[in-house]
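The values are calculated or read from the model by the stated rules, or taken from the named source; none is laboratory data. Computed from a prediction, not measured in an experiment: that's the story for all the values here. Cβ: placed from backbone, ideal geometry, glycine included. Neighbour counts: every protein chain shown.
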Amino acid sequence: MEGPSKQDGLEVLKTPEIVIQNEEGAHLLSLILEARDPKWSNADNPLAKATKEYFEANPLNQEVSGFLDEIRALQKDGVDEEVLYILALTYEHSEREEKAFETIREHKSYIKEPKELQQKLFKAIETMKQSFSASPLAERFSSETEQDKKARLENLEETKERINRIIDFFKPDSRTTRVSKISLMPTDPLYKVSSGYSFNFGEEVVLKTHIENPDNLEHEFSHSVINPIVDKLFDQLTPEQKGKISELASKKLKQDYGEGCYSLLCEEFIRTYNDVLKIGRKPQTYEDFQRKMAIISDNQFQKELVWNQNLKTRCDELEIKTIEDFKTKSQEYFERFEKNLLRDMIFDFYQEYINRPDKNVNFEQFVLNNFVSKI
């Protein structure tokens, strides 16, 4: 891999090394979560359905079930799914432990004993491995994983191009975005196509995305660029400005990410770029929303209500039960949940960045010099 290029004092990130590798700990954790709760998986594919059937006939080991009961009891203290995956990714990867524990200390400080939690999780993973590895279903997982890895290798040049487009646009300073390696996990068939995660372990970023959703891969990698910039930006913001960010965000986004303005701002910077700007669109208007709703059948709508609990919660709030109800109340739904003033502001900010007079100024510098005045 080439070293970083220098641009007027900046060390612009070069394309990181990209590898595709199995993550057994994360794979076994997904099986554990599915075995404990058949409703956990929101995927709709033959392997996900076969997994549900397998665990109906082969219930979760009592010891592992007890561990998850313990985690559920701790949930009020913040032991969440993201933490479990961070720790699962240290299974057989001790080189990731230091950064994993640092991340938990900084962002999940309510977890008092991460090392103890890790060891209990490892024990549960080993138990699942012993009971599951000899099953025919394990062979199906293995076969699909190998096919997925082969397809990802064949698509590697396209993946590099996608990463390079992000680097070309934001021009991230390698001293801020410290990424030298991207590890792509094979697709988790128990995860919905639209779902994904990004895990940072120092200079390695592990991406959990579906092979059929490369846009989500770009979204997750973009966290490596945007989050460190927002870290610096937050040092400049007053409490009132941080509160304004939360006020401007859509209710739909806050339903997914809570009221925390840090997460909301990171997500909206990324989504505005990834879902709108890079494909030549503008922020969604009510008319755009209407057109999108017009092509959805009631069968599709009912199916989405089953899998998307947040959508169901929003619809219940407006007493929407059918697609016709949805269309009738579409204006009210849009105003209450979809309208996104934060996206409008960030979209305009991106336009200013694109049209900046000095193209040697990267996105980090532009944000730190100009964003505070927008709030």
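Quick notes
- Number of positions in segment 339-363 that are out of contact with any Ser or Thr (no Cβ under 6 Å at 6 or more places or on another chain) and outside any loop (DSSP other than H, G, I, E, B): 12
- Scanning segment 321-338 for residues that are closer than 13 Å to Gln290 by Cα and either in contact with a strand residue (DSSP E or B) (Cβ under 7 Å, 6 or more places away or on another chain) or not in a helix (DSSP H, G or I) (or both) yields one hit, Lys329.
- Close contacts from segment 198-215, counting a first residue that is farther than 16 Å from Val179 by Cβ and β-branched (Val, Ile, Thr) and a second that is surrounded by fewer than 19 Cβ atoms within 10 Å (Cβ to Cβ) and at pLDDT 95 or above, with Cβ to Cβ under 7 Å and a gap of 6+ residues or different chains, come to Ile211/Ala151.
- For Thr90, the conditions (1) modelled with pLDDT of 95 or more; (2) part of a helix (DSSP H, G or I) are fulfilled apart from (2).
- Selected residue (only one of Leu305, Leu318, Leu342, Leu311 is of a type in the set (A, V, I, L, M) and in contact (Cβ under 8 Å) with a residue 60 or more places away in the chain): Leu342
- Qualifying residue in segment 192-199 (condition: surrounded by 21 or more Cβ atoms within 10 Å (Cβ to Cβ), more than 30 Å from Asn58 (Cα to Cα) and not acidic (Asp, Glu)): yes
- Against the test of being under 23 Å from Lys192 (Cα atoms) and surrounded by 18 or more Cβ atoms within 10 Å (Cβ to Cβ), the options Glu338, Glu304, Glu364 yield a single qualifying residue, Glu338.
- Pair list, Cβ under 9 Å, 6 or more apart: segment 59-81 residue β-branched (Val, Ile, Thr), other residue at pLDDT 85 or above and surrounded by fewer than 14 Cβ atoms within 10 Å (Cβ to Cβ): Val64/Lys123
- Residues being closer than 18 Å to Ser142 by Cα and surrounded by 20 or more Cβ atoms within 10 Å (Cβ to Cβ) are represented in segment 47-58 by at least one member.
- Residue that is under 25 Å from Asp358 (Cβ atoms) and either touching a Leu at 6+ places or on another chain (Cβ under 6 Å) or in the same structural domain as Ala88 (by TED's automatic domain parsing) (or both), where the choices are Lys181, Lys171, Lys160, Lys192: Lys171
- Going through (1) over 26 Å from the mean Cα position of the chain (by Cα); (2) closer than 21 Å to Ala294 by Cα one by one, Pro357 falls short only on (2).
- Where helices (runs of 4 or more DSSP H) sit wholly within segment 111-209, those with at least 1 residues that are under 17 Å from the mean Cα position of the chain (by Cα) occupy 156-170.
- Unique match (being outside the structural domain of Ile182 (by TED's automatic domain parsing), in contact with a Ser or Thr (Cβ under 7 Å, 6 or more places away or on another chain) and in a helix (DSSP H, G or I)) among Gln290, Gln241, Gln302: Gln290
- Scanning segment 150-195 for residues that are under 18 Å from Glu17 (Cβ atoms) and in contact with a His (Cβ under 9 Å, 6 or more places away or on another chain) gives Met185, Pro186.
- The listed residues are Ser41, Ser109, Ser5, Ser30, and the only one of them that is surrounded by 15 or more Cβ atoms within 10 Å (Cβ to Cβ), among the hydroxyl-bearing types (Ser, Thr, Tyr), at pLDDT below 85 and out of contact with any Lys or Arg (no Cβ under 6 Å at 6 or more places or on another chain) turns out to be Ser41.
- Top-ranked residue in segment 234-252 [being touching a helix residue (DSSP H, G or I) at 6+ places or on another chain (Cβ under 6 Å) and among the hydrophobic types (A, V, I, L, M, F, W, C); ranked as surrounded by the most Cβ atoms within 10 Å (Cβ to Cβ)]: Ala249
- The set of residues in segment 314-335 that are hydroxyl-bearing (Ser, Thr, Tyr) and either within 21 Å of the chain's Cα centre (by Cα) or crowded, with 16+ Cβ neighbours inside 10 Å (or both) comprises Ser330, Tyr333.
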